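This report concerns only the one structure given below.
FYI, it's all coordinate maths here, none of it is from the lab. Since the model is a prediction, treat every value here as computed from it, not as a measurement. Positions of Cβ are generated from backbone atoms using ideal geometry, with glycine treated the same way; all protein chains shown enter the neighbour counts.
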There are 2 protein chains.
Amino acid sequence: MKSSCSSFPLSALSLTLASAVLMASAAQAQTADPAAQVQRVLASPAFKSAAATLDKEHGRIVEDAIKLTEIPAPPFAEKERAEEFAKMLKAVGLSDVQIDPEGNVLGLRKGTRGDGKVVVVSAHLDTVFPAGTDVKVKRQGTKLYAPGIGDDSTSLAVLLGFVRAMKAAGVNTRDDILFVGTVGEEGPGDLRGVRYLFTKGAYKDKIKSFFSVESGDINRVTHGGVGSKRYRITFNGPGGHSYSAFGAVNPMFAQAQAAAELSRIQVPTTPKTTYSIGLIGGGTSVNSIPVSSWMEVDMRSESVDELKRVEDRLLKIVQDAADGENFARSTKDAKITVEAKLIGDRPAGSTDMNAEIVQIAKSAIEAAGYKPNFNWSSTDSNMPMNLGIPALTIGRGDVGKSGRSHSLDEWTDVEKGPMVKAMTTSLSIVLTATGME
Amino acid sequence: MKSSCSSFPLSALSLTLASAVLMASAAQAQTADPAAQVQRVLASPAFKSAAATLDKEHGRIVEDAIKLTEIPAPPFAEKERAEEFAKMLKAVGLSDVQIDPEGNVLGLRKGTRGDGKVVVVSAHLDTVFPAGTDVKVKRQGTKLYAPGIGDDSTSLAVLLGFVRAMKAAGVNTRDDILFVGTVGEEGPGDLRGVRYLFTKGAYKDKIKSFFSVESGDINRVTHGGVGSKRYRITFNGPGGHSYSAFGAVNPMFAQAQAAAELSRIQVPTTPKTTYSIGLIGGGTSVNSIPVSSWMEVDMRSESVDELKRVEDRLLKIVQDAADGENFARSTKDAKITVEAKLIGDRPAGSTDMNAEIVQIAKSAIEAAGYKPNFNWSSTDSNMPMNLGIPALTIGRGDVGKSGRSHSLDEWTDVEKGPMVKAMTTSLSIVLTATGME
């Protein structure tokens, strides 16, 4: 979409006169008709001005995306990128810019209501790629190739673009907006950034709603956070020579028993609940009874209760298997012991389809001519969803214009027209949800 | 033992006169009284002369041991050492010296009977150590340290010493003796050297008995060969995302079921039979259903039949487990398949305690003042034992004068007195068994 100014139905005068009435009915209006709120925002000169800035600054946003993408940000090593992003948040005029103790970058844009609450608009700093990965961006036409370019480095640049556009257009919002670059969204990070934000950070009880701007297509809205628990289960034993120590307990037999038992757990299809063993290992040679054996188990559910049921069963199974092996074979040298280490913990949760922010996102996406695609996934939004705080993970790119996320040939297409249209739609969701005035 | 000549009961004349009678009764005498045969050898001037040569050449044997140890001979890469050993066998005067197609080094010492049969006297060329291991010999007093110095490099030098001693003493034997340096005795080699010798080589149907001279103490006699079979079992499946593809067959569940079933096999304590899982692996990430999973299984038995029973059960178990998984979960994308790859096959066998060579070894060891220690193990002798050919693995070092076999700090003590005594005892076994005249 090329941004262009169309006529605006309310004059500055009528807006001033009607302001008291509009303010009073704001809460009701938002709940009653998200579509109308979206239309109001889209039709406003300020929004159009902001959209025009996004259009004008498309090149700068792409430059920022390249700059940020080329600063490596492996899990647990986001610091360099965080420092740069903090500088950039300051440069676009946010207040209270800080890197919190977990490593998240925060910057505040004050609203007009001043109720002490904030709406978080975030993107994640980290990538899945380890240190040493070549993160140099390569361009082919309008396509940019680089690890992390789509997930989620470009979103950081888009957030900066949002702030500049709002400033240039003189946009005021009812709510304070806390822009955040989070750490630890990807696998091993285990949501440590948002976990800190919601449970320990300075804003922990002040967040009224949460948006994560992610790599995905603008029509994709994640309103459900699949919960997951991951364990590394290690069975230890005395070990010994396979022939001379035969009869001694073998940790691999205990593990096999546990894994076989795990495979027999029944889970519901709704709420969707799953489990898997993804990795196993152990032993040093074929002719030795191993001293240890391990497996990594992944469990997920849309339901907190179902996830807990499977987790509890797993923990019982592995202990029973160790005990069983200790009765089946000799423990003369040592018993089998088992250690269950939690290596992943993403809480489940969801934002109701009838919630205001869901309906706002739906209306804004439809208004731009896209077909909304609601889904469940595992993102930064899991944490607020689990806490009952309205949260969505939304897109900022055109449909089908990015791919190969988590692979070395990850790409995103920055063709101006589709990208600006998608960013503008994303901004319309944020501004409607934060009560643009 | 310092070698010294004592008086010899038979004069050259009486020997000549009695030779016809002695020759005629040789077979009966040997079967009837191995102890007497040993005594006859020990008392003979030729043997004493040979023993004196071992004593005199102790330093040269140690030098050869160092030279051979310092030529790396990892499994499947024994060639350089084999070529050197072949040169050395030629240099000591053996005939028909050759490196066979498998890599074994052979050299013949003709006997007087000429029945076309041979007695093999061997040591193994290979070590357990991979390419790149520092095999430089370090000396501390009379102790030599180097990977492979004890197992079995020094034995190669001792065989050369035997040949020189026999030559110097003008020893004639009834039997042809085939001196052999074998390849592939250690783990992954899987007895490929002796397997070739007995099943494909030029002497395959001509070997009447077999001695492997090994690292162990001179009093240790291995008369039983524990058989072993080793399998790498691989389960393959379609793989998929742990959440979105949940319900698909998982090769790790099939493997777990198989391993748990394996753990329930009952085996006899006599003949001793064992099984173990020593290594497992598979998978690429905790959040993926793996495309493959594997385990390495070690099975051993003193009995060919019991070993086969466990092997057959394993092969049925893994197929049943794959089938079971294919009924328990979805095979929409692909079924679980299983592959059982034989990665180790050492045939079981034994040489009866009443066999002549066992009794000769016992008598010779006792005559030298050691206490014989008969045992079962897994050595080159497994192959002839399995074929019903009398075979023993015997020592050539003093008791307790070597250690840390298969480790980087492997050592052997070459203190002259004990080493010469042990070598002389070992030679007395060989010369008695080959009918020294």
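Taking chain B as a Gaussian network, where each spring joins two C-alpha atoms under 10 Å apart, which residue of B:Thr199, B:Thr274, B:Thr331 fluctuates the most?
Of B:Thr199, B:Thr274, B:Thr331, the Gaussian network model singles out B:Thr331 as fluctuating most.
Have a look at B:Asn219, B:Asn373, B:Asn172 and tell me which one the Gaussian network model of chain B (Cα, springs below 10 Å) gives the largest fluctuation.
Maximum fluctuation in the GNM of chain B, among the listed residues, is at B:Asn373.
With N set to the residue count of the stretch A:170-269, report its C-alpha Rg divided by 2.2 N^0.38 Å to two decimal places.
Working: Rg = 23.5 Å, N = 100, 2.2 N^0.38 = 12.7 Å.
Against the compact-globule rule of thumb, the ratio is 1.85.
Can you pull the semi-axes for the protein assembly as shown, root of five times each eigenvalue of the Cα gyration tensor, sorted largest first, whole Å?
82, 27, 20
Please arrange B:Asp64, A:Asp190 by how many other C-beta atoms lie within 10 Å of their C-beta, fewest to most.
Numbers: B:Asp64 24, A:Asp190 18.
Lowest to highest Cβ neighbour count: A:Asp190, B:Asp64.
For the protein assembly as shown, give the share of DSSP beta bridges that are antiparallel, in percent and rounded to the nearest 5; count only bridges with both residues there.
Working: 103 of 149 bridges.
Antiparallel bridges: around 70 percent, rounded to the nearest 5.
Sequence neighbours fewer than 8 away in the same chain don't count; with that in mind, list the aspartates and glutamates whose C-alpha is under 15 Å from B:Lys110.
Correct list for B:Lys110: B:Asp96, B:Asp175, B:Asp176, B:Glu437.
Once every DSSP H run of n ≥ 4 in chain B is given -39500 (n - 2.57) and the sum is divided by its residues, what mean residue ellipticity at 222 nm do you get, rounded to the nearest 500 deg cm²/dmol? Write out the running numbers ahead of the final one.
On the way: 13 runs with 164 residues, N = 437.
Taken over chain B, the calculation gives -12000 deg cm²/dmol.
Name the residues whose placed amide hydrogens come within less than 5 Å of the amide hydrogen of A:Ile289, ignoring near sequence neighbours (fewer than 5 apart) on the same chain.
A:Gly240, A:His241, A:Ser242
Determine ³J(HN,Hα), in whole Hz, for all residues of the stretch A:102-117 in sequence, where each value follows from phi through the Karplus function 6.51 cos²θ - 1.76 cosθ + 1.60 and θ = phi - 60°; x replaces Gly and Pro.
Going residue by residue, I get 7, x, 5, 9, 10, x, 9, 10, 5, x, 9, 6, x, 8, x, 9 Hz, with x marking Gly and Pro.
Taking the Cβ of each residue in B:Ile429, B:Ile360, A:Ile66 as the centre, tally the other Cβ atoms inside 10 Å and list the residues starting with the fewest.
On the way: B:Ile429 28, B:Ile360 23, A:Ile66 19.
So the residues, fewest neighbours to most, are A:Ile66, B:Ile360, B:Ile429.
Mind checking A:292-303 for the average number of partner chain beta-carbons within 10 Å of each residue's beta-carbon? Let's see the in-between values first.
On the way: counts 0, 4, 1, 6, 4, 3, 9, 2, 5, 1, 0, 0.
Rounded to a whole number, the mean comes out at 3.
With respect to the cross-link table entries B:Lys56/B:Lys421; A:Lys87/A:Lys143; A:Lys48/A:Lys421; A:Lys117/A:Lys362; B:Lys90/B:Lys208, which display a Cα-Cα separation exceeding 18 Å?
A:Lys87/A:Lys143; A:Lys117/A:Lys362; B:Lys90/B:Lys208, as the Cα separations exceed 18 Å there.
Starting from the amide H of A:Ala248, placed 1.01 Å from N in the peptide plane, find each other amide H under 5 Å away whose residue is 5 or more places distant or on another chain.
It is A:Ser330, by chain and number.
Compute the projected area of the convex hull of the Cα atoms of the stretch A:294-427, averaged over all viewing directions, and report it in nm² to one decimal place.
Numbers: hull surface 48.2 nm².
For the stretch A:294-427, averaging the hull's shadow over all directions gives 12.1 nm².
Could you tell me the center-to-center distance, by alpha carbons, between the stretch A:346-374 and the stretch A:209-231 in angstrom?
11
Based on alpha-carbon atoms only, what is the radius of gyration of chain A relative to the globular estimate 2.2 N^0.38 Å? If you can, show how the numbers build up before the last one.
Values: Rg = 25.3 Å, N = 437, 2.2 N^0.38 = 22.2 Å.
Cα Rg divided by the expected 2.2 N^0.38 Å: 1.14.
What aspartates and glutamates sit close enough to A:Lys332 to cross-link, taking a C-alpha to C-alpha distance under 15 Å and skipping anything fewer than 8 places away on the same chain?
A:Asp323
Under a no-solvent Debye model with one identical scatterer per Cα of the stretch B:210-255, what's log10 I(q)/I(0) at q = 0.13, 0.23, 0.31, 0.34 Å⁻¹?
The Debye formula, applied to the Cα set alone, gives -0.55, -0.91, -1.17, -1.25.
Identify all lysines with a Cα-Cα distance to B:Lys138 below 18 Å; exclude those on the same chain that are fewer than 8 residues away in sequence.
Within the straight-line limit of under 18 Å, B:Lys138 reaches these lysines: B:Lys67, B:Lys401, B:Lys416.
Only Cα pairs within less than 10 Å get springs; with that Gaussian network setup on chain B, which residue of B:Ala348, B:Ala51, B:Ala131 has the largest fluctuation?
Greatest mean-square fluctuation among the candidates belongs to B:Ala131.
Per residue of the stretch B:336-352, what does 6.51 cos²θ - 1.76 cosθ + 1.60 with θ = phi - 60° give for ³J(HN,Hα)? Whole Hz please, x for Gly and Pro, Karplus curve as stated.
6, 10, 10, 10, 10, 9, 6, 10, x, 8, 10, x, 7, x, 7, 9, 4
Restricted to Cα positions, what overall size does the stretch B:227-346 have along the principal axes? Three whole-Å values, descending.
For the stretch B:227-346, the Cα spread along each principal axis is 51, 24, 18 Å.
Name the long-range amide H neighbours of B:Val97: under 5 Å, sequence gap of 5 or more, or other chain; modelled H, no Pro or chain starts.
B:Leu108
Whole Å is fine, so just give me how far the alpha carbon centre of the stretch A:68-128 lies from that of the stretch A:248-301.
40
Based on DSSP, what percent of beta bridges with both residues in chain B are antiparallel, to the nearest 5? Before the final figure, lay out the partial values.
On the way: 50 of 73 bridges.
The answer is about 70 percent antiparallel.
So what J values fall out for the stretch A:300-305 if you push phi through Karplus, 6.51 cos²θ - 1.76 cosθ + 1.60 with θ = phi - 60°, rounded to Hz, Gly and Pro as x?
9, 7, 6, 10, 4, 5
Which log10 I(q)/I(0) values does the stretch A:172-216 give at q = 0.17, 0.22 Å⁻¹ under the Debye formula, counting every alpha carbon as one identical point scatterer?
-0.55, -0.85
Between Rg and the Kirkwood Rh of the stretch B:354-437, both from Cα atoms, what is the Rg to Rh ratio? Could the numbers behind the result be given before it?
Working: Rg = 14.0 Å, Rh = 14.2 Å.
Answer for the stretch B:354-437: 0.99.
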